[in-house]
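Worksheet for the structure shown next.
The values are calculated or read from the model by the stated rules, or taken from the named source; none is laboratory data. These numbers were taken from a predicted model, which means no experiment stands behind them. In this analysis, Cβ positions are derived from the backbone assuming ideal geometry, glycine residues included, and neighbour counts consider all displayed protein chains.
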Amino acid sequence: MLDKLRPHVKVVMDPMARHISINPNIITVAGLLVSLLSAYLFANKYLLFGGIFIAISGFVDILDGAVARKNSSNTPFGGVLDSTIDRFSDAFILIGIIMGGYVDPIIGILALHASVTVSYVRARAESEGIKCNIGIAERPERLVILMAGAFLGYLINSQIMYWAVVLIMILGYLTVLQRLYHTWKELKK
């Protein structure tokens with residue numbers, strides 16, 4: 001869904017990326033460290049700052065790809081590293097939210113499972129030659145939901161964070177079903 005914003009984001013990120021000469025893999029790892037900080041903040045009940053650092057980690061995640069494209073350093077390993085770091089980042093953030101007591105551990109674990117499975121189905125479909133970047137809750141949507149939950153939870157009531165994680169879980173599993181159905185249809189052709 002947020003994929004439609006990609007051309008607008010590129011207009012901002014590409015000029016910035018031209019001036020950065022750091023290896024994009026270093027930026028990717030830096031994004032992981034920002035996600036770890038977000039998780040730490042959530043675990044220690046700093047809801048607002050946890051949300052802010054999710055936003056920063058999302059920015060860094062976009063930046064590494066822009067730097068790789070603009071500096072012609074886009075490599076297969078960089079793609080694998082980026083994808084792997086994204087899974088770790090998602091897991092750390094959700095674990096931090098669970099540890100902070102914002103959500104029941106079972107709901108948090110199911111949200112984590114849904115998030116990882118969304119990515120797994122895409123990777124598995126693509127290994128069969130099927131483009132599978134569809135679904136209601138891809139990674140950017142999930143991060144926006146968590147940020148909104150953190151910000152609204154801070155401003156209104158921390159219970160909102162609980163519902164944000166429940167939404168991640170439900171939409172994650174719906175996305176898994178969407179991707180499985182899409183893959184099934186493509187493989188029948």
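Say whether the condition of being hydrophobic (A, V, I, L, M, F, W, C) and closer than 21 Å to Ser35 by Cα is met by at least one residue in the range 126-134. There is no residue in the range 126-134 that is hydrophobic (A, V, I, L, M, F, W, C) and closer than 21 Å to Ser35 by Cα.
Among the residues of the range 139-163, none is identified as modelled with pLDDT under 95 and either of a type in the set (Val, Ile, Thr) or not in a helix (DSSP H, G or I) (or both). Evaluating Ala68 against the criteria (1) modelled with pLDDT under 95; (2) touching an Asp or Glu at 6+ places or on another chain (Cβ under 8 Å); (3) among the small types (Gly, Ala, Ser) leaves one unmet condition, (2). Filtering the range 17-37 to residues that are outside any helix (DSSP H, G or I) and in contact with a helix residue (DSSP H, G or I) (Cβ under 6 Å, 6 or more places away or on another chain) leaves only Ile20.
Of all positions in the range 121-129, at least one carries a residue that is of a type in the set (A, V, I, L, M), farther than 13 Å from Val166 by Cβ and buried (at least 21 other Cβ atoms within 10 Å of the Cβ).
Of all the residues in the range 86-118, those that are farther than 25 Å from Leu174 by Cβ and in a helix (DSSP H, G or I) number 1. On the given criteria, is Gly65 out of contact with any strand residue (DSSP E or B) (no Cβ under 7 Å at 6 or more places or on another chain), part of a helix (DSSP H, G or I), without any contact (Cβ under 8 Å) to a residue 12 or more places away in the chain and over 22 Å from Leu174 (Cβ atoms)? Spelling it out, it is not the case that Gly65 is out of contact with any strand residue (DSSP E or B) (no Cβ under 7 Å at 6 or more places or on another chain), part of a helix (DSSP H, G or I), without any contact (Cβ under 8 Å) to a residue 12 or more places away in the chain and over 22 Å from Leu174 (Cβ atoms).
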